[in-house]
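Read the structure below first, then the notes.
The values are calculated or read from the model by the stated rules, or taken from the named source; none is laboratory data. No experiment lies behind these values; they were computed from the predicted model shown. Here the Cβ is made from the backbone with ideal geometry for all residues, glycine too, and neighbour counts use every protein chain on show. Accessible surface is based on the protein model in full, side chains and every heavy atom, while ligands, DNA and RNA are left aside. Shrake-Rupley method; radii C 1.70, N 1.55, O 1.52, S 1.80 Å.
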Amino acid sequence: MHDIRAIRDNPAAFDAAMARRGLPPQSPAILALDEARRTCISAAESAQAERNAASKDVGRAKASGDEAEFERLRALVSEKKDEIARLEEDAKAKDAGLKELLEALPNIPHDDVPDGTDEADNVEIHRWGTPKDFAFAPKEHYDLAATQDGMDFETAAKLSGSRFVMLSGGVARLHRALAQFMLDIHTVENGLTEVNPPVLVLSETMYGTGQLPKFGEDSYQTREGWWLIPTSEVPLTNIVAGHIVEESYLPRRYTAHSLCFRSEAGSAGRDTAGMLRQHQFEKVEMVSITHPDHSRAELDRMTECAQGILEKLGLAYRTVVLCTGDMGAGARRTHDIEVWLPGQNTYREISSCSVCGDFQARRMNARFRPTGGGKPEFVHTLNGSGVAVGRCLIAVLENGQQEDGSVDLPEALHPYLGGKTRLAEDGTLV
């Protein structure tokens, strides 16, 4: 959500920011509606003042016996009452229209975000590790001998339809181990607070982080009105919704391992093979609530937390900053971390870390009280994958694959697997 006062103060700067997002000038329509709303409010206040004055004079006219003046004033009071109601209703409608305009617009990009139209214009800012050189043609995760029994797409499709998978045996344990490993690193080494949040949330919760109203088709809603979370960013960020916290409370850093649900609307034909793009998946999420002065540095810290997971697993990756045309609507700057997948012979996204500034905080009315006094200010929010568990499973399987179809597993996971070091070609851990 945007600050209408900032748009009034510098409409040219706002339109320039929207132009970087590929949008035409937005301020003329916004300011015209804002001015009409303010005119209605001012007129209602004037009418109220006239009504109050007439109300006082009614009694005096009655006491003086001036029946004609009494009737005129009484009619004026009634007229002003109706006028006030009409103006207030008009102002309310215009306020709703203004809110609808503002909430549909994307966030203002940071100055250091590269301009561009799509992923081709993203800029690489970091690279770690060297893609493994195989002596054989590496396979994709679902073609490995070690996953044939433990990664069942056919049964999942029978139960739920396309884009679901049923994991079992050694593959399921490896998937669970990855999530536990990530949580331990984030809580013990990175200082994040672990949360086990609900996966069903209210509409106002989805609205607070920007999933509603514009992106409702990307998520699932129950008959009772709850929404299945697309990521635990939604409940974690909304922890501070409607609160004024003390400045000393900041920063707050949360992490959660949760089920996530996405309809994948508009993605027909993309990444349909294997586990890469599913309707139900698991992710370890990171969320930070910070002071405005520290949010940009917090983005770098969060990115390093996600990168550290891949480094401990020995997975080669690169980090790119998304251009204005590829960045999500709620973000001011986004770092995508892409892990090397030898089966596809390319880097694929495994984490996305974004700073949203006060964009979500305004929707949630989440503020902090400055230590030195003064009016409460909006907090800044950030979110990032730390990392996507299913995609990390894919990366571990493909990068550790052997010619016989077995998989050598990263040393960091051995304690989480009871000392097992390999996923044998028959899918058992050995």
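A compact table of results
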item	result
Every pair of residues 6+ apart whose Cβ atoms lie under 6 Å, when the first sits in segment 95-112 and is small (Gly, Ala, Ser) while the second is surrounded by fewer than 16 Cβ atoms within 10 Å (Cβ to Cβ) and assigned to a loop (DSSP other than H, G, I, E, B)	Ala104/Lys214
Conditions (1) closer than 23 Å to His279 by Cα; (2) touching a Phe, Trp or Tyr at 6+ places or on another chain (Cβ under 7 Å); (3) surrounded by fewer than 17 Cβ atoms within 10 Å (Cβ to Cβ); number of the one not met by Thr193	(1)
Residue identified as open to solvent by 50 Å² or more (accessible area, probe 1.4 Å), out of contact with any strand residue (DSSP E or B) (no Cβ under 7 Å at 6 or more places or on another chain) and within 16 Å of His141 (Cβ to Cβ) among Glu411, Glu425	Glu425
Any hit, segment 286-308, residues being in a loop (DSSP other than H, G, I, E, B) and either open to solvent by 40 Å² or more (accessible area, probe 1.4 Å) or among the small types (Gly, Ala, Ser) (or both)	no
Qualifying position, being touching a residue at least 40 places away in the same chain (Cβ under 8 Å) and out of contact with any helix residue (DSSP H, G or I) (no Cβ under 8 Å at 6 or more places or on another chain), among Asp326, Asp336	Asp336
Residue within segment 63-71 that is modelled with pLDDT under 95 and of a type in the set (A, V, I, L, M) present	yes
Residue satisfying condition, being part of a helix (DSSP H, G or I) and under 20 Å from the mean Cα position of the chain (by Cα), within set Thr231, Thr237, Thr255, Thr187	Thr237
Qualifying residue in segment 208-227 (condition: modelled with pLDDT of 95 or more, under 26 Å from Val396 (Cα atoms) and either under 18 Å from the mean Cα position of the chain (by Cα) or open to solvent by less than 20 Å² (accessible area, probe 1.4 Å) (or both))	no
Failed item in (1) free of Cβ contacts under 8 Å to residues at least 40 places away in the same chain; (2) crowded, with 17+ Cβ neighbours inside 10 Å, with Gly384 passing the rest	(1)
Residue within segment 223-235 that is over 27 Å from Thr371 (Cβ atoms) and free of Cβ contacts under 8 Å to residues at least 12 places away in the same chain present	yes
Residues of segment 99-116 classified as within 18 Å of Ser354 (Cα to Cα) and either of a type in the set (A, V, I, L, M, F, W, C) or open to solvent by 50 Å² or more (accessible area, probe 1.4 Å) (or both), total	6
Residue ranges of helices (runs of 4 or more DSSP H) in segment 1-88 with at least 3 members more than 30 Å from Thr117 (Cβ to Cβ), touching a helix residue (DSSP H, G or I) at 6+ places or on another chain (Cβ under 7 Å) and open to solvent by less than 60 Å² (accessible area, probe 1.4 Å)	27-64
Condition broken by Gln344, with the remaining ones in (1) open to solvent by less than 40 Å² (accessible area, probe 1.4 Å); (2) in contact (Cβ under 8 Å) with a residue 60 or more places away in the chain; (3) more than 19 Å from Leu178 (Cβ to Cβ); (4) touching an Asp or Glu at 6+ places or on another chain (Cβ under 7 Å) satisfied	(1)
Any hit, segment 253-268, residues being within 27 Å of Gly150 (Cβ to Cβ) and without any contact (Cβ under 8 Å) to a residue 12 or more places away in the chain	yes
From Ser248, Ser267, Ser258, residue being open to solvent by less than 20 Å² (accessible area, probe 1.4 Å), modelled with pLDDT of 95 or more and either more than 30 Å from Asp112 (Cα to Cα) or among the small types (Gly, Ala, Ser) (or both)	Ser258
Residue that is closer than 21 Å to Thr187 by Cβ and of a type in the set (Lys, Arg), where the choices are Arg252, Arg296	Arg252
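Per-residue answers, yes or no, for (1) buried (at least 17 other Cβ atoms within 10 Å of the Cβ); (2) among the aliphatic types (A, V, I, L, M); (3) assigned to a strand (DSSP E or B):
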| residue | (1), (2), (3) |
| --- | --- |
| Thr130 | no, no, no |
| Phe134 | no, no, no |
| Pro138 | yes, no, no |
| Tyr142 | yes, no, no |
| Ala146 | yes, yes, no |
| Ala156 | yes, yes, no |
| Leu159 | no, yes, no |
| Arg163 | yes, no, no |
